[in-house]
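The values are calculated or read from the model by the stated rules, or taken from the named source; none is laboratory data. Just so we're clear, the structure is a prediction, and the values are computed from it rather than from any experiment. Here the Cβ positions follow ideal geometry from the backbone for every residue, glycine too, while neighbour counts run over all protein chains shown. Protein only, heavy atoms only, side chains kept; ligands, DNA and RNA dropped before computing areas. Shrake-Rupley method; radii C 1.70, N 1.55, O 1.52, S 1.80 Å.
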Amino acid sequence: MRSAVLLMAHGTPASLDEMPEYLRLVRGGRPASPELVAELRHDYEAIGGQSPLTAITFAQAGALRQRLGDATPVAVGMRNWRPFINDAAAELVAGGAERVIGIPLAPQFSTLSVRKYIDAARAALPADTGFTPVHTFHSHPLLWRAFAERIRDAAPRQHEEVVFTAHSLPLRVVQAGDTYPTEVAATARGVADLAGVCTYQLAYQSAGRTPEPWIGPELGELIRQRAAAGTRAFLIVPIGFVCDHTEILFDIDIQAATIAREQGASLRRTESLNTSPAFIAVLEDLVRRIL
């Protein structure tokens, strides 16, 4: 059986002009308000006008392809922008794939993200094409090692408080039984143990622009609270993300850093995994366990 790999991510517009259509897709077909479009355009402008998500995901796919060899094709599909999951799946099938291994590039499972990637890929594939999805890799020892390496590279300073972060979720999703917060907490514990971090904080970031409650503690609020208690330096470790994009480059590097400065504190973060050999080894192992 000829197998192929489909790496899946959220997607990002290629230009600011595409923002309204991108947000319509993110919102399930509902048009975004002009205010929301302007807010997101501002965020993207602040990081240079474009997110590197698509380019980095293709680079990750290329690095994985080198490790797996030409016999195992690797494609990239995005849920909310080009190249869409549908198109990537069709490309693999046209190339002769009889089974597709689907890997959502989010370590922790959530019904609001990972399950939607998996459902989209399954729906895109013909009934006679096998599909084996990776639901979670939050506790993979190589993932913990990859994040721990980034912490050691950052060399935490004395009195610098380590804060692990992941994307927030609506509270209703968690109350319905989503395991996401449990998996995020497990990743934080595993990485902290490997990196020799004895004490740390865990926060959620990048909540959606909706009025409903989202899980916390929210990163900005945590920074304010800890700074009020005397913390003057923060090291952010984004364990819910595997590459640079707006949630990293704007929400942490600009927004959270600004909040810290306003509280008289410094803030920096560990380097994202991106195409680090340690992270590509995670992807390779996930695939080889299935092949």
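Contact map, region 158-179: first residue touching a residue at least 24 places away in the same chain (Cβ under 8 Å) and farther than 14 Å from GLY208 by Cβ, second residue polar (S, T, N, Q) and assigned to a strand (DSSP E or B), Cβ cut-off under 6 Å, separation 6 or more or different chains; pairs are VAL163/GLN201; THR165/GLN205. Put simply, of ARG226, ARG157 the only residue that is surrounded by fewer than 20 Cβ atoms within 10 Å (Cβ to Cβ) and either over 21 Å from LEU142 (Cβ atoms) or out of contact with any Phe, Trp or Tyr (no Cβ under 8 Å at 6 or more places or on another chain) (or both) is ARG157. A Cβ distance below 8 Å, combined with a sequence gap of six or more or placement on separate chains, defines the contacts here; from region 85-108, residues that are touching a residue at least 60 places away in the same chain (Cβ under 8 Å) and of a type in the set (S, T, N, Q) reach residues that are surrounded by 16 or more Cβ atoms within 10 Å (Cβ to Cβ) and not in a helix (DSSP H, G or I) in the pairs GLN108/THR136; GLN108/HIS138; GLN108/ALA166; GLN108/GLY240. Checked against the criterion of being of a type in the set (Gly, Ala, Ser), at negative phi, more than 17 Å from the chain's Cα centre (by Cα) and not in a helix (DSSP H, G or I), the candidates ALA90, ALA106, ALA97 yield just one match: ALA97. The set of residues in region 135-149 being open to solvent by less than 40 Å² (accessible area, probe 1.4 Å) and closer than 25 Å to ALA207 by Cα consists of PHE137, HIS138, LEU143, PHE147.
Looking only at residues in region 42-61 that are open to solvent by 10 Å² or more (accessible area, probe 1.4 Å) and in contact with a strand residue (DSSP E or B) (Cβ under 8 Å, 6 or more places away or on another chain), the one that is nearest to VAL287 (Cα to Cα) is PHE58.
Do we find that ALA38 is of a type in the set (A, V, I, L, M, F, W, C), open to solvent by 20 Å² or more (accessible area, probe 1.4 Å), at pLDDT 95 or above and not in a loop (DSSP other than H, G, I, E, B) in this structure? Show your work before the answer.
On the way: of a type in the set (A, V, I, L, M, F, W, C): yes; open to solvent by 20 Å² or more (accessible area, probe 1.4 Å): yes; at pLDDT 95 or above: yes; not in a loop (DSSP other than H, G, I, E, B): yes.
Yes, satisfied.
Residues that are part of a helix (DSSP H, G or I), hydrophobic (A, V, I, L, M, F, W, C) and in contact with a Phe, Trp or Tyr (Cβ under 9 Å, 6 or more places away or on another chain): does region 67-85 have at least one? Reasoning before the result, please.
First pass over region 67-85, keeping only residues part of a helix (DSSP H, G or I): 67-68, 85.
So of that shortlist, the ones also hydrophobic (A, V, I, L, M, F, W, C) come out as 68, 85.
Then keep just the ones that are in contact with a Phe, Trp or Tyr (Cβ under 9 Å, 6 or more places away or on another chain); that gives 85.
Checked region 67-85: at least one residue is part of a helix (DSSP H, G or I), hydrophobic (A, V, I, L, M, F, W, C) and in contact with a Phe, Trp or Tyr (Cβ under 9 Å, 6 or more places away or on another chain).
With respect to the conditions (1) free of Cβ contacts under 8 Å to residues at least 60 places away in the same chain; (2) within 19 Å of ASP251 (Cβ to Cβ); (3) of a type outside the set (A, V, I, L, M), PHE58 falls short on a single one, namely (2). Restricting region 9-35 to residues that are free of Cβ contacts under 8 Å to residues at least 12 places away in the same chain, of a type outside the set (Asp, Glu) and part of a helix (DSSP H, G or I) leaves a set whose member that is surrounded by the fewest Cβ atoms within 10 Å (Cβ to Cβ) is PRO34. In region 165-208, of all residues being more than 19 Å from ILE236 (Cβ to Cβ) and among the polar types (S, T, N, Q), the one that is least open to solvent (accessible area, probe 1.4 Å) corresponds to THR179. Checking each residue in region 86-105 for being open to solvent by 20 Å² or more (accessible area, probe 1.4 Å) and hydrophobic (A, V, I, L, M, F, W, C) picks out ALA90, VAL93, ALA94, LEU105.
Going through GLN50, GLN66, GLN60 one at a time, which residue ends up being under 22 Å from the mean Cα position of the chain (by Cα) and either over 15 Å from GLU247 (Cα atoms) or at pLDDT below 95 (or both)?
On the way: GLN50 fails: either over 15 Å from GLU247 (Cα atoms) or at pLDDT below 95 (or both); GLN66 fails: under 22 Å from the mean Cα position of the chain (by Cα).
Result: GLN60 is the single residue among GLN50, GLN66, GLN60 that is under 22 Å from the mean Cα position of the chain (by Cα) and either over 15 Å from GLU247 (Cα atoms) or at pLDDT below 95 (or both).
Look at region 235-258: where a residue is among the aromatic types (Phe, Trp, Tyr) and a partner is assigned to a helix (DSSP H, G or I), sitting 6+ places away or on another chain with Cβ atoms under 7 Å, you get PHE241/GLU247; PHE241/ILE248; PHE250/ASP43; PHE250/ALA46.
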